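Below is one structure, written out as structure tokens; comments come after it.
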Amino acid sequence: MAGMDISIENRFNHMPDNMEERDILSLLQWYVDSGVNETIDDLPQDWFELSRSLSKNPPEKPPSPTEKSGVLPKKMVSIEHIAQDAARMAASCNSLRELNDAIKDFDGCSLKKIATNTVFSDGNTDSDIMVIGEAPGVEEDRHGKAFLGENGQMLDRMFKAIGLSREDDFYITNILPWRPPGNRKPLAEEITICLPFIRRHIELFNPRLLILLGGISTNSLMGSDLGITRLRGKWLEYDLCGKTIPVRPLFHPAYLLKQPKAKADTWKDLLEIKAEIGEKTE
Ligand code: URA
């Protein structure tokens, strides 16, 4: 990922007043050709905190430069609206295929603009175990399938250890269907926008067991804010259209690749998953 300070104020301060549309387009093209695929504001912003404080009717403190410029309220309103659009689109889907098509048609998340493919899932659609990771990486983006590359191989090894395979026994997807540039962590606003799709994905797949890989996946779906070290090792519950299904958070395969010592704990979690599945099938 390449980033550059191309915030509105910065960009326009350096533009002559008489620039025409084609000059502006040519400048934008120059940024794209230089490899810029991320816009960076002048200051780090906690957009959700600002949004909350604005909606509670507004503080007496002077507005920040971004608020004054009018950019912030527009952006905040639009994230909520975009998430509502996503929710409407997701709710109208009655099959995984329809949901896949709807996500491909959805233009509300800027990650899609720089992604090669929309990554919907992989694995067995007829199984009843759903595994949810974070977001596609380079390989997944290139091929349009979830969990390829070394994370995918690690995931396959983890489940093979308890006799499960993606071909036969489980289905895999991610919180985000598009790759964040440079494999950075998903932003809170990207998760907010895409959450209605993953929630509908769970409803349509209708699993009997949900396995969440890593803290981002667990916190996004369970509304928690704990680290994965505190979340793993326990059974949680997900409310699936009024029925409760068991949820097991695990360390993400990427974490296990970096911290092989965590494999011992993951092994204990996998054995509990195996026991849970066995109890229900026997
Ligand atoms: N690949 C995916 O599909 N998801 C992840 O969370 C990581 C790699």
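The values are calculated or read from the model by the stated rules, or taken from the named source; none is laboratory data. Keep in mind it's a predicted model, so treat the numbers as computed, not measured. All Cβ positions, glycine included, derive from the backbone under ideal geometry; neighbour counts span all protein chains shown. With ligands, DNA and RNA removed, areas are computed over all heavy atoms of the protein, side chains included. Shrake-Rupley method; radii C 1.70, N 1.55, O 1.52, S 1.80 Å.
Some points to look at:
- Per-residue SASA remark: His81, around 100 Å² accessible (1.4 Å probe; ligands, DNA and RNA not included).
- Label positions at Ala91 and Thr244, each projected 7 Å from the Cα along the C-beta direction, are separated by 2.6 nm.
- Entry for the range 130-239 at q = 0.15, 0.22, 0.23, 0.24 Å⁻¹: log10 I(q)/I(0) = -0.65, -1.46, -1.57, -1.65, Debye formula applied to identical alpha-carbon scatterers, no solvent contribution.
- In a fully extended conformation the segment linking His143 and Ala188 would gain 13.6 nm over its present Cα-Cα distance, using 0.36 nm per residue.
- In a DSSP loop and with at most 12 other Cβ atoms within 10 Å, there are no chymotrypsin sites (Phe, Trp or Tyr not before Pro) in the range 136-197.
- Share antiparallel - DSSP beta bridges, the range 147-257, percent rounded to 5: 55 percent
- The mean sequence distance of close C-alpha pairs (under 8 Å, at least 6 residues apart), as a share of the length of the range 123-274, puts its relative contact order at 27 percent.
- Karplus-derived HN-Hα couplings along the range 141-150 (A = 6.51, B = -1.76, C = 1.60, θ = phi - 60°), whole Hz, x at Gly and Pro: 5, 5, 9, x, 10, 6, 6, 9, x, 6
- Thr244, Thr218, ranked by accessible area, largest first (probe 1.4 Å): Thr244, Thr218
- Cα-centre dipole for the range 162-282 with unit charges at Cβ (Lys and Arg positive, Asp and Glu negative), debye to 20: 440 debye
- Cα-centred dipole magnitude for the range 78-134, charges only on beta-carbon of K, R (+1) and D, E (-1), debye, nearest 20: 200 debye
- Only the Cβ atoms of Lys and Arg (+1) and of Asp and Glu (-1) were treated as charged; on that basis the dipole of the range 137-199 about its Cα centre amounts to roughly 140 debye.
- FRET efficiency, 1/(1 + (r/R0)^6) with R0 45 Å, evaluated for Arg208 and Leu28 via beta carbons: 0.40
- Backbone N under 19 Å from the Ala275 label point (7 Å along Cα→Cβ), restricted to the range 202-232: 209-212, 231-232
- Relative to the current alpha-carbon distance between Thr116 and Val36, full extension at 0.36 nm per residue lengthens the span by 27.2 nm.
- Near Ser121, the amide H atoms lying under 5 Å from its own belong to Ala146; only residues 5 or more places off or on other chains count, and H is placed 1.01 Å from N.
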